[in-house]
Amino acid sequence: MQPSLVKKAITGSALVAGVMFVQPDGAEAAFGDQELKLGMNNQDVKELQDVLKAKGYFTYHTSTGYYGPITEDAVSQFQKAVGLKVTGVATTDTLQKLGASTVSKSSASTSSSVLQVGSRGQDVTNLQAKLKEAGYYSYNVDGIYGQITQKAVQDFQKAKGLSVTGKADATTISALANTSATSSKSSGSTSDLSVGMRGSAVTDLQTKLKAKGYYTYTVDGIFGQITKTAVQHFQKANGLSQTGVADSKTLSALSESSDAVKPATSGLTVGSRGSAVTNLQQMLKDRGYYSYNIDGIFGSITQKAVKEFQSIVGLPVTGVADDKTIDALKSRSSQETSTVLKVGSTGSAVTDLQNKLKKAGTFHAEATGYFGPVTEKAVKDFQKAKKLQVTGTATKETMDALDGLTEKVVSSPSTGEDYGDLLKKGSTGSLVKELQSKLQAIGLYSGPLDGDFGNGTDRAVRNFQSRNKLTVDGIVGPATWEKLKQSTGYEGNSNEDSGSGSGSSNSDFSVMDLIADASLYIGVPYVWGGNTPTQGFDCSGFLVYVFNKQGVSLPRTMAQMWNVTTPVSSPSVGDIVYFTTYKPGASHGGIYIGNNKFIHAGSSTGVTISDMTSSYWGPRYLGAKRAQ
């Protein structure tokens, strides 16, 4: 995210599962100046969350700056771990344990050469580099003196017995210049390493633990709960006392173990580069596990793809592309073609797919060798049951899971799915409801979404076929179905229990994550037709993008969204609120976040938060509907 976006405060409020976005408090004190507790909202809280996250206590994916139950629980866990009274309140004692220091109120006035919050340039870059070398700073060296750099300076000043101001004056810079990484607070090779420590010694520890398979996260030089757990696992495996502290015995055993075990082929893992990684990525991409650029760099995305493949084919899920994993990829790649089966495919491969889906319990018709909407739904149901990406396309990943299946994933057939792979007059069930929803979205059907293919649905289908120069027979086969999907721009909703006419839904939908994700893009400019953060957003593009991150597929225009989402009497957090602006009907919308506030992409503001009751938006409010 752009630095400018980070600095923008979120107005309005959305209280969801302990995370709230509210109007920021007034003037902020430096981190460590004040006690932090439930209900507070400012930069200090965000800094607290960042530090707790670095130490492994705050696990929510976004530091919001709001002190809610999640933050309170993280503070309580930290207090318990370090022997403080467990109150959930970030007292000064707690902040000092975390590494914060109270800023002196009577510090001497600084000269023009003093570096402090707001300073920028090469001098700040040099400062950050030296702090990083000494083990006090573990973030990007960017030449910008912000809260994180201030805290690193405070930590250094405290460790060296200097006046703790958070400002890099001449005395601080001189002391830093004379300090080597090996003499910093956490880098002594003979010192015990424990929770809260950081620096090159911790980096070396994590690297060795990672090489042995005990540590699977980012090597960041910060000794948090995850590192402690990895140490305990290593200690247990080597008959050592399971303290979680990397003492001299543990470090010695780890070094001996690392020296002794040097297999000829250790496999490809995070950090590996070159042609071997390029070949790995290509094989993973061919099989549908990897969909990014093939760059020959083994990063977290490649690791995730390897883990998914290992899980599907029954190998140990390590994320390391060892010989067995490579052999399994090569074997499967040589045995099967690269053909991906989808709506419109025909032939023996489709017949084989249908028979496998029937064995899995998601396909309840006779195998026809004809991939239509019923087969597509059967594939989606199987993918959902196996927690694969739900596309309705029989990718190699899906075929791998079908090949390895030992029992049914669905025990009973769904209503209305025994008509072969065609929908026609007399069909019933969830697919018919989805068909009606698609026809409604493009204005050809105004009847009830009841899953009953009757005269009204038949007329709408024939009208659609006529408009699109298809065979006008009222029968929905692959050609009609595919054209419908292209016309509506969304996948519809194949879940009969999720209400009528909503966009496609995901059982893992999280309102809390939806609001948090939406807030990340505040400040992204408005661009007509834009649908990505780098390109910019228009109002519907923003909603499509954010909801898609939660697995909910929406059509591309506000009018279409209005047609497929479910009406509610009053908005709840996460609902879409609609407005009439430049033309009648739904022409603008956003996500409701509570307190009459909504987040949206405004044509004159970009992504922002506005008040629904304002003089502009109030008279234009059309209603609220639910997408998930």
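Taken as a whole, the condition of being modelled with pLDDT under 75 and open to solvent by 70 Å² or more (accessible area, probe 1.4 Å) does not apply to N178. Taking the criterion of being open to solvent by 60 Å² or more (accessible area, probe 1.4 Å) and either of a type in the set (D, E, K, R) or at pLDDT 85 or above (or both), the residues of region 333-358 that qualify are K342, D352, N355, K358.
Only one residue in K97, K85 is in a helix (DSSP H, G or I) and either at pLDDT below 80 or farther than 29 Å from Y592 by Cβ (or both), so which one is that?
Working: K85 fails: in a helix (DSSP H, G or I).
From the options K97, K85, the qualifying one is K97.
Could you check how many residues of region 443-479 are open to solvent by less than 50 Å² (accessible area, probe 1.4 Å) and part of a helix (DSSP H, G or I)? Total meeting the criteria: 8.
When T59, T102 are checked against the criterion of being within 29 Å of A230 (Cβ to Cβ), open to solvent by 30 Å² or more (accessible area, probe 1.4 Å), of a type in the set (S, T, Y) and modelled with pLDDT under 75, a single residue qualifies: T59. Sub-7 Å Cβ pairs linking a first residue in region 293-312 that is assigned to a loop (DSSP other than H, G, I, E, B) to a second residue that is open to solvent by 80 Å² or more (accessible area, probe 1.4 Å) and at pLDDT below 80, at least 6 apart or interchain, are I294/K285, ordered by first then second residue. Surrounded by fewer than 19 Cβ atoms within 10 Å (Cβ to Cβ), in contact with an Asp or Glu (Cβ under 6 Å, 6 or more places away or on another chain) and either among the hydrophobic types (A, V, I, L, M, F, W, C) or at pLDDT 85 or above (or both) - does that describe any residue in region 413-426? Looking through region 413-426, at least one residue is surrounded by fewer than 19 Cβ atoms within 10 Å (Cβ to Cβ), in contact with an Asp or Glu (Cβ under 6 Å, 6 or more places away or on another chain) and either among the hydrophobic types (A, V, I, L, M, F, W, C) or at pLDDT 85 or above (or both). Residues in region 541-556 that are more than 22 Å from D611 (Cβ to Cβ) and either in contact with a Gly (Cβ under 8 Å, 6 or more places away or on another chain) or open to solvent by 40 Å² or more (accessible area, probe 1.4 Å) (or both): G541, Y545, F547, N548, K549, V552, S553, L554, P555, R556. Counting only residues that are of a type in the set (G, A, S) and in a loop (DSSP other than H, G, I, E, B), region 207-252 holds 6 of them.
Taking first residues from region 68-83 that are in contact (Cβ under 8 Å) with a residue 12 or more places away in the chain and under 14 Å from G196 (Cα atoms) and partners that are open to solvent by 60 Å² or more (accessible area, probe 1.4 Å) and in a helix (DSSP H, G or I), the Cβ contacts under 6 Å between residues at least 6 apart in sequence or on separate chains come to V82/K97.
Every test in (1) open to solvent by less than 40 Å² (accessible area, probe 1.4 Å); (2) hydrophobic (A, V, I, L, M, F, W, C); (3) more than 28 Å from D450 (Cα to Cα) is passed by V527 save one, and that test is (1).
Out of everything in region 118-150 that is open to solvent by 70 Å² or more (accessible area, probe 1.4 Å) and not polar (S, T, N, Q), what residue ends up being farthest from G199 (Cα to Cα)? Applying the filter and picking the extreme gives R120.
Within region 151-171, being buried (at least 23 other Cβ atoms within 10 Å of the Cβ) and touching an Asp or Glu at 6+ places or on another chain (Cβ under 9 Å) holds for K151, A168. Tell me whether region 359-374 contains one or more residues that are open to solvent by 10 Å² or more (accessible area, probe 1.4 Å), in contact with a Phe, Trp or Tyr (Cβ under 6 Å, 6 or more places away or on another chain) and either more than 30 Å from M283 (Cβ to Cβ) or at pLDDT below 80 (or both). Within region 359-374 (the criterion being open to solvent by 10 Å² or more (accessible area, probe 1.4 Å), in contact with a Phe, Trp or Tyr (Cβ under 6 Å, 6 or more places away or on another chain) and either more than 30 Å from M283 (Cβ to Cβ) or at pLDDT below 80 (or both)), the answer is no, since none of the residues qualifies.
Output the residues belonging to region 310-332 that are at pLDDT 80 or above and either at positive phi or open to solvent by less than 20 Å² (accessible area, probe 1.4 Å) (or both). Passing the criteria: G319, A321, T325, L329.
Restricting to region 351-389, name every residue that is in a loop (DSSP other than H, G, I, E, B), in contact with a Gly (Cβ under 8 Å, 6 or more places away or on another chain) and free of Cβ contacts under 8 Å to residues at least 60 places away in the same chain. Give the steps one after another, and end with the answer.
Within region 351-389, the subset in a loop (DSSP other than H, G, I, E, B) is 361-369, 371-372, 386-389.
From what's left, in contact with a Gly (Cβ under 8 Å, 6 or more places away or on another chain): 365-366, 368-369, 371-372.
Answer for region 351-389, where residues must be in a loop (DSSP other than H, G, I, E, B), in contact with a Gly (Cβ under 8 Å, 6 or more places away or on another chain) and free of Cβ contacts under 8 Å to residues at least 60 places away in the same chain: A365, E366, T368, G369.
For region 64-97, filtered to residues that are among the hydroxyl-bearing types (S, T, Y) and open to solvent by 20 Å² or more (accessible area, probe 1.4 Å), the residue that is nearest to V202 (Cα to Cα) is S76. Name every residue in region 119-142 that is over 17 Å from D155 (Cβ atoms), part of a loop (DSSP other than H, G, I, E, B) and at pLDDT 75 or above, in order of residue number. Selection gives S119, G121. The conditions of being touching a residue at least 24 places away in the same chain (Cβ under 8 Å), within 15 Å of L543 (Cβ to Cβ) and in contact with a Phe, Trp or Tyr (Cβ under 7 Å, 6 or more places away or on another chain) are met by W562.
Quick check on my filter: what residues within region 195-211 are open to solvent by 60 Å² or more (accessible area, probe 1.4 Å) and either closer than 17 Å to Y136 by Cα or more than 28 Å from the chain's Cα centre (by Cα) (or both)?
S200, D204
With respect to the stated conditions, S191 fails to be modelled with pLDDT under 75 and either buried (at least 18 other Cβ atoms within 10 Å of the Cβ) or in contact with a Gly (Cβ under 6 Å, 6 or more places away or on another chain) (or both).
The values are calculated or read from the model by the stated rules, or taken from the named source; none is laboratory data. Just so it is clear, the structure is predicted and the values come from calculations on it, not from any experiment. Every residue, glycine among them, receives a Cβ derived from its backbone with ideal geometry; neighbour counts consider all protein chains shown. Areas reflect the complete protein model, heavy atoms only, side chains present, ligands, DNA and RNA absent. Shrake-Rupley method; radii C 1.70, N 1.55, O 1.52, S 1.80 Å.
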